[in-house]
1. Among the residues of segment 40-49, are any in contact with a Cys (Cβ under 6 Å, 6 or more places away or on another chain) and in the same structural domain as Ala271 (by TED's automatic domain parsing)?
2. Quick one: which residue in Ile37, Ile22 is within 13 Å of Val273 (Cα to Cα) and β-branched (Val, Ile, Thr)?
3. Please name all residue pairs, on different chains or six or more residues apart, with Cβ atoms under 6 Å, provided the first residue is in segment 264-277 and is small (Gly, Ala, Ser) and the second residue is buried (at least 18 other Cβ atoms within 10 Å of the Cβ).
4. Determine which single condition Thr155 fails, assuming it passes every other condition in (1) within 16 Å of the chain's Cα centre (by Cα); (2) in a loop (DSSP other than H, G, I, E, B); (3) at pLDDT 95 or above.
5. Only one of (1) modelled with pLDDT under 95; (2) more than 29 Å from Asp169 (Cα to Cα) is not met by Ala33, so which one is it?
6. Against the condition in a helix (DSSP H, G or I), crowded, with 16+ Cβ neighbours inside 10 Å, touching a residue at least 12 places away in the same chain (Cβ under 8 Å) and in the same structural domain as Ile235 (by TED's automatic domain parsing), how does Ala132 come out, does it pass?
7. Taking the residues in segment 70-99 that are in contact with a Leu (Cβ under 8 Å, 6 or more places away or on another chain), hydrophobic (A, V, I, L, M, F, W, C) and within 21 Å of Val163 (Cβ to Cβ) as candidates, determine which candidate is surrounded by the most Cβ atoms within 10 Å (Cβ to Cβ).
8. Hey, any hits in segment 71-80 for a residue that's assigned to a loop (DSSP other than H, G, I, E, B), closer than 30 Å to Gln240 by Cα and in contact (Cβ under 8 Å) with a residue 60 or more places away in the chain?
Amino acid sequence: MPQPLRLGVVGVGHLGSRHAQIYAHTPGVRLTAVCDIDLARAKILARSLHCQAVRDYYALPGQVDAVSLAVPTSLHASIGLALLAHGIHVLIEKPIATTLQEANALIRTAARKRVILQIGHVERFNAAIRAALKYLTHPRFIEVHRLSPYPFRGTDVSVVLDVMIHDLDLILLLVRSRIARLEAVGIPVLSPSEDIANARVRFASGCVANLTASRISDESIRRIRVFQEDNYLSIDYKAQTVELAHKTGRTIRRIHLPVNRRPPLQDELAAFVRSVKLGQPPIVSGSEGRTALALALRIEQTMRRARH
């Protein structure tokens, strides 16, 4: 039997602990270590998952083949570069980094060491998105709402880098056209950086995307609607449902597409494991993560210029 893939998780807060729990129950994988600056927290998780707990990620080389990196965004580059330089495959939670220079360094190091660098744009693995993709052939107008209550975590970056970036990644995947014009507004409410933002992106193809992201909402909404010349699709990321409306004669027919609902994070991590084991390119590459980051940073710059 082949040896199991040795996995580690660096950063075992809310999201990182979920990574660890999924790896611990993934066939062909051995969760070897969890790492966190809060060693007591790491030890509690390690005991429940029967693995090692360490405080310093420098203890991981030689102990793991691959790592999920779920630390604050400001630490993605420094820790990611150290792990990649040791020949460790890395899945970095979105966004890839805080600057394009950091993203470039991560991509170059992964290429030089010939290891997998996957970025955690989890909505790519959402079953509703997968069910809708074959119908999303010629978007003309895209409307996105991603609203949630204040998380009290992940607020070291703006709402654009925190949550809107999920939708930016998907829109860039769907439209595949140069950005012709960009407008954006945003304001901080509870954080030093923006907690609510709206961006309007016009592409050279003529498609327009309007995105609203908020982490100070009373309710949780994650929805994208895509309008095309002969139909439109309404996709609920959270409920994993897809409604397709299309013209039939002089009437509009609405149908619900079949969706094989699955936990997106579970499928994302399975794809990472598969890429590492087979040596295949990841579904969300470092370059794609950089492209989404570039647009997110441009939105941040635009809304801050507008505010000042």
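1. The answer is no; no qualifying residue exists.
2. Ile22
3. Correct list of pairs: Ser275/Ile116; Ser275/Pro282.
4. Single failed check for Thr155: (3).
5. The single condition Ala33 does not satisfy is (1).
6. yes
7. Ile96
8. Yes - at least one qualifying residue is present in segment 71-80.
The values are calculated or read from the model by the stated rules, or taken from the named source; none is laboratory data. Keep in mind that what you see is a predicted model, and the values were worked out from it rather than measured. Every residue, glycine as well, gets a Cβ built from its backbone with ideal geometry; the counts of neighbours run over all protein chains shown.
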